[in-house]
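Trainee: The structure follows.
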Amino acid sequence: MPRYRSFRDIDWPLLVVTLVICALGVIQIFSATHDTKFHDAWWKQIVWIALGVGLMWLVASIDYHTLLGQVPLFYTVTVGALLFTVAVGTRVFGSKRWISIAGMNLQISEFAKLVIILMVARYLSELKRDDAGIGDLLKLGVLVGIPTLLVMRQPDLGTSLTYLAILGAGILLAGLRWHHLAAIALVAGLSVPIAWPFLNNYQKARLETFVNPYADPRGAGYQVIQSRIAVGHGGMWGTGATRGTQTQLRFLPVAHTDFIFSAFAEEHGFVGVVVVLGLYFLLIMQIVQNAQAAPDRSGMYICMGVATLLLFHLLVNVGMVVGSMPVTGIPLPLMSSGGSNLFSVFMMLGLVNNVRLRRFAS
C-alpha cells in the first residue's frame, strides 16, 4: 500500500457503522436459530464478516481506475459464470443460483452487482456529452440486460431487479431528458402485462399475494401474514432476544435470512427498528458523502451505484416484511445470514473506500 494510502485514510465512520449493523445481525441470527438445525449460523456469520473485511481492504487497495480498465474482462467472465450457473449450478428450492466451490455455495449473481456498478460507471464517465442520448441508453441497457435475463432465468427476479436499479441511478445521474424518461416509464408500464405470461408460477403467486395475502393464508400468503404479526407483536420495546413467539415458535419462516427484519422487529420493537434504520441511513449518507468528494466522475458513479443498491435492498426487504412490497427474496444487507451477499456488500464498500483513498493521492 503506497505511503499516501494507509489505515488512517480509510472511512472509519463507514466501517464502524457497518460492523455495528453486522453485530446486530449476528445477535438476531443467534436468537432466531439457537435451537434449530441452523444453530451454528451465527458463528459462520462472524467468520464471513471477518473474511468480508479482508475482501473490502483487498478491493480498496487496487486503484479503481485499474479495475475500470478491466471491465470488459470482468463482464465476460461474469456472463460466462452466469451461463454456467444456469446450466449446471446447484439447485436449491427449485432455483439454480449457486455454484459449489471448495464445499461452499457461492451465488455468482451477487458478485455480478460489482461488475455492473463498474461497467455503468465506466460507460457513463466516458460519454462526451453532458447528458445521455437514446443510443447510449440502448447500448447500456443491452449490456445490463444480458446478465439481468440470465439471473431471471435461474430464476431470481429479486436480484435481477437490483441490476436495473443500478442502471436507473446511473442514467439519472448522467443527465436524462424528460422525454427519454417518459418513454422509459411508458415502456416499463407496458412491459408488465407482456412479461406476466413468462413469469414462473411462484412469482405470479407472490404478486397475487402482495395484492391480497389473505386469499391464501396457509399457502402463498403465509410468509407475509406471519411477518406482519411478528412486526406488530414487537410493540415499542420488543419481547427481548430469544423471546419472540413468532420467531421462536417457528411461525416466521427463514427468520435468519430474508425475514430477519421481522424477527428483529418482534424482539427489539419499534425502538430497535428506529436504531437499525438510523444506522442504515448513516451508512448510505456516508457513501453519498464519498460520492460528492470523489476525485472524478467515475468515482462518483461507483459510490452512487453502491448507495443505490443498498437503498434498493433496504426498501424492498423492509417493504416486503411489512407487506408493502411483493416477496422477492432480497436479503437485508449486512444482517441476513449468508456469505455471498455479505461478501459482495463488503467488496462494494471496498470500492467506496477505494474512491476515498484516491483523494489522498499525490
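The values are calculated or read from the model by the stated rules, or taken from the named source; none is laboratory data. Just so it is clear, the structure is predicted and the values come from calculations on it, not from any experiment. Cβ placement follows ideal geometry from the backbone for every residue including glycine, while neighbour counts extend to all protein chains displayed. Just so you know, the surface numbers come from the protein's heavy atoms only, side chains and all, with ligands and any DNA or RNA stripped out. Shrake-Rupley method; radii C 1.70, N 1.55, O 1.52, S 1.80 Å.
Trainee: For the range 329-337, take each phi angle, set θ = phi - 60°, evaluate the Karplus expression 6.51 cos²θ - 1.76 cosθ + 1.60, and give the result in whole Hz per residue in order, putting x for glycine and proline.
Mentor: Here the 3J(HN,Hα) series is x, 7, x, 8, x, 6, 10, 4, 5 Hz.
Trainee: Among the lysines in the chain, how many pairs, 8 or more places apart or on different chains, have alpha carbons under 19 Å apart? Before the final figure, lay out the partial values.
Mentor: Working: Lys96/Lys113; Lys96/Lys204; Lys113/Lys139; Lys128/Lys139.
Taking the Cα cut-off of 19 Å, the pair count is 4.
Trainee: Per residue of the range 269-280, what does 6.51 cos²θ - 1.76 cosθ + 1.60 with θ = phi - 60° give for ³J(HN,Hα)? Whole Hz please, x for Gly and Pro, Karplus curve as stated.
Mentor: For the range 269-280, the Karplus curve yields x, 4, 4, x, 4, 4, 4, 5, 5, x, 5, 5 Hz.
Trainee: Here is a follow-up. Return the calculated 222 nm mean residue ellipticity for the chain, to the nearest 500 deg cm²/dmol, obtained by summing -39500 (n - 2.57) across DSSP H runs with n ≥ 4 and dividing by the residue count. Write out the running numbers ahead of the final one.
Mentor: Details: 14 runs with 244 residues, N = 362.
Calculated mean residue ellipticity at 222 nm is -22500 deg cm²/dmol.
Trainee: Averaged per residue, what accessible surface does the chain expose to a 1.4 Å probe, in Å²?
Mentor: For the chain, the per-residue accessible area is 46 Å².
Trainee: Additional query: Using a probe of 1.4 angstrom, how much of the accessible area of the range 215-353 is carbon and sulfur, in percent?
Mentor: On the way: 3260 of 4840 Å².
Within the range 215-353, the accessible surface is 67 percent carbon and sulfur.
Trainee: Hey, got the dipole for the chain? About the Cα centre, +1 on K and R Cβ, -1 on D and E Cβ, debye to the nearest 20?
Mentor: Values: 25 positive and 17 negative charges, 78 e Å.
For this selection, approximately 380 debye.
Trainee: Another question, then. Taking the Cβ of Gln248 as the center, what net charge do the other residues with Cβ under 10 Å away carry, scoring Lys and Arg +1 and Asp and Glu -1?
Mentor: Cβ neighbours under 10 Å give a net charge of -1.
Trainee: Which FRET efficiency value, to the nearest 0.05, is calculated for Val79 and Arg250 with the Förster distance at 41 angstrom and r the Cβ-Cβ distance?
Mentor: Result of the calculation: an efficiency of 0.55.
Trainee: Which residue, Ile116, Ile260, Ile27, has the most motion in a Gaussian network model of the chain that connects Cα atoms within less than 10 Å?
Mentor: Greatest mean-square fluctuation among the candidates belongs to Ile27.
Trainee: Same structure, new question: If amide hydrogens are placed 1.01 Å from N in the peptide plane, which non-local residues have theirs closer than 5 Å to the one on Trp98?
Mentor: Thr90
Trainee: As an exercise, use a Förster radius of 41 Å and the Cβ-Cβ distance of Leu172 and Arg359 to find the FRET efficiency, rounded to the nearest 0.05. Don't skip to the answer; put the middle values down first.
Mentor: Working: r = 24 Å, r/R0 = 0.60.
After rounding, the FRET efficiency stands at 0.95.
Trainee: State, as an integer percentage, the relative contact order of the chain based on alpha-carbon contacts under 8 Å between residues 6 or more apart. Working shown, then result.
Mentor: Working: 510 pairs, mean separation 100.9, N = 362.
About 28 percent, as a whole number.
Trainee: Remind me, relative contact order of the range 302-362 in percent, using alpha carbon pairs under 8 angstrom and six or more residues apart?
Mentor: 33
Trainee: Go ahead and run the numbers for FRET between Trp12 and Asp216, Cβ-Cβ distance against an R0 of 56 Å, rounding to 0.05.
Mentor: The pair Trp12/Asp216 has a calculated efficiency of 0.70.
Trainee: Expected output is a single nm value to one decimal: the length gained when fully extending between Lys139 and Leu51, i.e. 0.36 nm times separation in residues minus the C-alpha distance. What is it?
Mentor: Stretched fully, the Lys139-Leu51 segment lengthens by 28.1 nm.
Trainee: Taking the Cβ of Met347 as the centre, find all other residues whose Cβ is under 12 Å away and add up their charges (Lys, Arg: +1; Asp, Glu: -1).
Mentor: Details: positive: Lys113; negative: Glu110.
Here the charged neighbours net out to 0.
Trainee: Which distance in nm do the two modelled labels at Val86 and Ile62 give, with both placed 7 Å along the Cα-to-Cβ direction?
Mentor: About 2.6 nm, to one decimal.
Trainee: In a GNM of the chain with a 10 Å cut-off on Cα contacts, which of Leu14, Leu252, Leu58 has the highest mean-square fluctuation?
Mentor: So, out of Leu14, Leu252, Leu58, the one fluctuating most is Leu58.
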